[in-house]
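Structure first, commentary second.
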Amino acid sequence: MLDIAAAHVRAGGLVAFPTETVYGLGADATSAEAVARVFAAKGRPSHNPLIVHVDGEAMAEGLVERWTSDARKLAAAFWPGPLSIVLPKRANVPEIVTGGGASVAVRCPDHPMTRRLIERAGVPLVGPSANKSGFVSPTSAEHVRREFEGAMVLGEGAGPGRPRPRSVDDILVLDGGVCSRGIESTVVKLPVAIGDGVRVLRQGVISAEEIAKVLGRSVEDAAVAARADEERTGGRDSPTGVTPLESPGLLDRHYAPRTPAFRFTASQWPEVLEALLDLEGEDGSEARGVVLTIGSRGVPVPHVRMIMPEDSRSYAARLYAAFREADELGAQAIYVESGRENGDPIWAAIADRVRRATAALE
Ligand code: TXA
Ligand code: MG
């Protein structure tokens, strides 16, 4: 199975692979032509750079100008794991990978199947989340199969009748089970010149504080800083009265279900109930709302309640699958209870994803 996948990668084809965070849409990172197929399949804007997945530090070193002592420390502490490290790229990394930029993000994923794939292919793999641009990241092989027409799943136990790619345009999916972490890696940009700071560009399960501890210096959380900026610029109200976003505007809608989604916190529960009544009232239709609640809350029929876990790790692992299931119910609106922001970095990363999923449509 891995041989088929590795050969497809070497031929320039796409192989979706499992990681501990979400499934990635893989292609040979050293081939501009293969990487172009990834952008095309996802409908991704060409300026948005891709993370390059490696099987270990040695491969990462070959992709960046200098594998700095900060990088060494972070790799020793967190790899394989959900941390993408951004450093100036070497010339062998095609510009299409970095969206024309001078830096590349590298990450060694914590999934043995994918590290073996990289080893066998003998090349690093670009790997954006294996979903259409802007929508929910996949956390199972089945999610990926549904996302891309004609995608073929290669299972661990697949017998002789297993599918084989017929052309380089086929998308293969390696089934490595359900992703254990469920939200995307933390992206950290490391300093290159004296005086540069360390910046977390995207929150994930590894927090700025944990990175600061390992590096022995302060780390700026750019996501938090951007939000603080937005809060100063004020918010908008959703049509249903539940504020979809504390601070809409600059944050892109991303990681989003196809159904309009609204975020709420525990204290806004009465407003959600009112919003649900409004949904019922429209044209006597069967329009339903789906509510993702933390723990149990009474949700009146015909609306659907999906109970989310109360601990942050399990909530994160479940979130995107819940978005997809909610979408499939064909509801008019999805209401998402996001976690308590109690200093737990995983709740903070969850809140970040829910904010983006519920950002007002432009
Ligand atoms: O957990 C993950 O990171 C997953 C799995 C498959 O590894 N991948 C993933 O990739 O989430 P993607 O493309 O969906 O998100 C990558 C994020 C984007 O926000 C992108 O802008 C940022 O990382 N990024 C990638 N390369 C970068 C670079 N050179 N400089 C700054 N940001 C970069
Ligand atoms: Mg993505």
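Restricting the search to region 203-213, which residues are open to solvent by 50 Å² or more (accessible area, probe 1.4 Å) and touching a residue at least 40 places away in the same chain (Cβ under 8 Å)?
Here is the first cut: in region 203-213, the residues open to solvent by 50 Å² or more (accessible area, probe 1.4 Å) are 209-210, 213.
Correct list: Glu209, Glu210.
When Ala228 is tested against (1) more than 15 Å from ligand 1 (Cβ to nearest atom); (2) without any contact (Cβ under 8 Å) to a residue 24 or more places away in the chain; (3) open to solvent by 70 Å² or more (accessible area, probe 1.4 Å), just one condition goes unmet, and that condition is (3).
Against the criterion of being open to solvent by 30 Å² or more (accessible area, probe 1.4 Å), more than 9 Å from ligand 1 (Cβ to nearest atom) and not aromatic (Phe, Trp, Tyr), Arg115 qualifies.
A search for C-beta distances below 8 Å between a residue of region 153-175 that is of a type outside the set (A, V, I, L, M) and any residue that is at pLDDT below 90 and surrounded by 15 or more Cβ atoms within 10 Å (Cβ to Cβ), counting only pairs 6+ apart in sequence or on different chains, returns Gly155/Met1; Glu156/Met1; Arg162/Met1; Arg162/Leu154; Pro163/Leu154; Asp175/Leu154.
Scan region 112-138 for residues that are among the β-branched types (Val, Ile, Thr) and under 14 Å from Leu174 (Cβ atoms) and the total you get is 2. I'd like to check something: does region 124-137 contain any residue that is buried (at least 18 other Cβ atoms within 10 Å of the Cβ), over 29 Å from Arg324 (Cα atoms) and not aromatic (Phe, Trp, Tyr)? Checked region 124-137: at least one residue is buried (at least 18 other Cβ atoms within 10 Å of the Cβ), over 29 Å from Arg324 (Cα atoms) and not aromatic (Phe, Trp, Tyr).
This table checks each residue for (1) part of a loop (DSSP other than H, G, I, E, B); (2) within 14 Å of ligand 2 (Cβ to nearest atom); (3) crowded, with 20+ Cβ neighbours inside 10 Å.
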{"position": "Thr19", "(1), (2), (3)": "yes, yes, yes"}
{"position": "Leu25", "(1), (2), (3)": "no, yes, yes"}
{"position": "Glu33", "(1), (2), (3)": "no, no, no"}
{"position": "Ala60", "(1), (2), (3)": "no, no, yes"}
{"position": "Ala76", "(1), (2), (3)": "no, no, no"}
{"position": "Ala91", "(1), (2), (3)": "yes, no, no"}
{"position": "Ile96", "(1), (2), (3)": "no, no, yes"}
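Quick one: would you say Ser296 is farther than 30 Å from Ala212 by Cβ, at pLDDT below 85, of a type in the set (S, T, N, Q) and open to solvent by 50 Å² or more (accessible area, probe 1.4 Å)? So Ser296 passes the test.
Filter region 37-58 down to the residues that are hydrophobic (A, V, I, L, M, F, W, C) and open to solvent by 60 Å² or more (accessible area, probe 1.4 Å), then identify the one that is nearest to Ala16 (Cα to Cα).
So in region 37-58, the residues hydrophobic (A, V, I, L, M, F, W, C) come out as 38-41, 50-52, 54, 58.
Checking the rest, the ones that are also open to solvent by 60 Å² or more (accessible area, probe 1.4 Å) come to 40, 58.
Numbers: Ala40: 14, Ala58: 23 Å.
Among residues in region 37-58 that are hydrophobic (A, V, I, L, M, F, W, C) and open to solvent by 60 Å² or more (accessible area, probe 1.4 Å), the one nearest to Ala16 (Cα to Cα) is Ala40.
The values are calculated or read from the model by the stated rules, or taken from the named source; none is laboratory data. What you are looking at is a predicted structure, and each value in this text was computed from that prediction instead of being measured. Reconstructed Cβ throughout: ideal geometry from the backbone, glycine too, with neighbour counts over all protein chains shown. To get the accessible areas, we keep the full protein, side chains included, count just its heavy atoms, and leave off ligands, DNA and RNA. Shrake-Rupley method; radii C 1.70, N 1.55, O 1.52, S 1.80 Å.
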